[in-house]
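Bear in mind these aren't lab numbers, they're just calculated from the coordinates by the rules spelled out. Just so it is clear, the model here is predicted, and its values are computed rather than measured. Using ideal geometry, Cβ is built from the backbone for each residue, glycine included, and neighbour counts are taken over all protein chains shown.
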Amino acid sequence: MKKLIFIIAVFSLVALSSCEDFLNLSPTNAASAGTAIRTEADAKVIINGLMRSLTSSNYYGRNFFLYGDAKGGDVALVSLGRGNDALYTFNHSATSNSYVGYWSQIYSCMLQINNLLTNIDRMEEEGKSTATLSDYKGQALTLRALLYFDLVRLYGRPYSEDNGVSPGVPMPLTVLDVYARETRLTVAENYTQILKDLHDATPLLSKSVTKGFVNYYANKAIQARVYLFMGNNPDALKAAEEIINDKKYTLYENTAWVASWSSEFGSESILELGIYQDEADLTANSLGYYFMRRAKLSNAMGWFVASDAFIAKLAEDPADVRRGIMDYDEIDITRFGACNKYTGNDNKGDKGSPSAVNIKVIRLSEIYLIAAEAALSSDKVKAADYLNQIRKRAPSLTPAAEATINLDMILDERSKELYMEGHKFFDMMRWGRSITFNDEILSGSISQTLRPKTIDVKTFYKTILPIAQTELDANPAIVSQQNPGY
């Protein structure tokens, strides 16, 4: 980590000054990490840069969503070797396919956040506090919580598995000295700080609907996620219901659901990241191209397709509106296994590029599903009502009722609604469910030394990532804390 933090300290602050949106601002962010942020305008530069950094291919721009879906059982491979198939095959080690990009990108963002928070605190002590600075502080704290939440899910065992006693991730809260050697905290300690950041941020944030940035409701949505992953259903339900009841966001009508994936900042988008042709567009390396049918557009390889089980789930109701975002894949013109969530209307795009489609990190439909799951153990009538608001996407299916609703029904609805949004594997982990992969459609075979066809998420060690050897070399303090099996 010493090497990582030192390199990022220089690179991240310089890189921010090159972004197009920041060219009209005074370049005070070129100064050292300790003094770079002296004004409200400087803080805005960092916030803008942070939102841009979240769209990296190593994070929400592609690989984090790929991680959550490629490993969850709803996705399959047609052929090995096209790119990122190590996620599907679990071909990870400390020296090969470690996906260190998650670690380095998130800690890079963390450095910017900690630097921003340190400087805002200094400005507040100097009597320069403003409402805008307070909002930036709330955004930074919320983002730090989100980033650590994602990181601990990649490298730590689920909180619900052992109440968080297993190793989590290093958690620097200030800009580190170049010689600092942070060690891993427990998962429980990570979650404690995540919730502290979220709660500290809540009163600082605007309740206005914002586009492309964090607000009060994004904070509450992250709280709902975190509490759900902890198994704290009452607090998950409370956070989710506040969002629902305040009615700042509304669910899409069935007729608008498919088109919503091409439009920006719709009525369901609680946290959405802008992707534009000249900014953050990964083109052939984007999510859109990874899920598109092979050769539908130039350089489209069709890396991942829907599994047979997922296609069968959607086919339970031919009128399910979510089938409208699917397309036939390279296997057969009758097999609708390609996904067009990230390629705009008819794979043409609405902003000059079929891959310049915004990334929807948190949608209101997820919040309804969280509310349904969180209410299941205490109020099945309420749980069914929340679930039915999403289940109506498939109008021919019988609505859930107090006597019929169960966790499997919620699991299936989360699977269908949040497909290719990076949730399925993490859900299976927190539920402790085994995962069976649709390897039958794969050309070739997967070595049993990588993973079996069915994995037990409680015992299969590769369900969490190894700390990369480069990070162990840079920070010997965590060598003894490598994840078991690696």
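For every helix of n ≥ 4 consecutive DSSP H residues, a contribution of -39,500 (n - 2.57) applies; sum these over the chain, divide by its total residues, and give [θ] at 222 nm rounded to the nearest 500 deg cm²/dmol.
Numbers: 18 runs with 209 residues, N = 486.
Here the helix-only value at 222 nm equals -13000 deg cm²/dmol.
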- Note on the structure: One would report the Cα pair-distance distribution of segment 118-166, bin width 5 Å, in %, as 5, 18, 17, 15, 11, 9, 11, 9, 4, 0
- Note on the structure: log10 I(q)/I(0) for segment 283-357, Debye formula on C-alpha points only (no solvent), q = 0.15 Å⁻¹, two decimals, reads -0.46
- Cross-link list K207/K248; K196/K462; K360/K462: which exceed 19 angstrom alpha carbon to alpha carbon? K196/K462; K360/K462
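When only Cα pairs under 8 Å and 6 or more residues apart are kept, what is the percent relative contact order across segment 283-357?
On the way: 128 pairs, mean separation 23.4, N = 75.
Across segment 283-357, relative contact order equals 31 percent.
Ranked highest first by average number of other Cβ atoms within 10 Å, how do 146-158, 130-142 line up? It would help to have the intermediate numbers written out before the result.
Values: 146-158: 22.7, 130-142: 20.8.
Answer by packing, highest mean first, reads 146-158, 130-142.
Rounded if a/c is under 1.5, else prolate if a/b is larger than b/c, else oblate: which is the chain, with a ≥ b ≥ c the root eigenvalues of its Cα gyration tensor? Show your work: numbers first, answer last.
Working: a/c = 1.41, a/b = 1.29, b/c = 1.10.
Cα axes put the chain in the rounded bin.
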- How are the C-alpha pair distances of segment 313-438 spread across 5 Å bins, as whole percents from the shortest bin up? 2, 10, 17, 20, 20, 16, 9, 5, 2, 0
- Query: Which of Y159, Q139, P170 sits closest to the plus end of the dipole of segment 132-226, meaning its Cα is farthest towards the positive end, when Lys and Arg get +1 and Asp and Glu get -1 on the C-beta?
  - Reply: Q139
- Alpha-carbon Rg with Dmax, taken over segment 193-331, Å: 18.4, 52
- Message: Within segment 238-259, list the residues whose amide N lies under 11 Å from a label point set 7 Å along Cα→Cβ of V209.
- Response: 247-252
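How long are the three semi-axes of the equivalent ellipsoid for segment 413-486, computed from the Cα gyration tensor as the root of 5 times each eigenvalue, in whole Å, largest first? Could the numbers behind the result be given before it?
Details: eigenvalues 153, 61, 31 Å².
With the √(5λ) rule applied to segment 413-486, the semi-axes are 28, 18, 12 Å.
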- Could you tell me the largest-minus-smallest coordinate of the C-alpha atoms of segment 39-167 on each of the three principal axes, in descending order and whole angstroms? 59, 35, 28
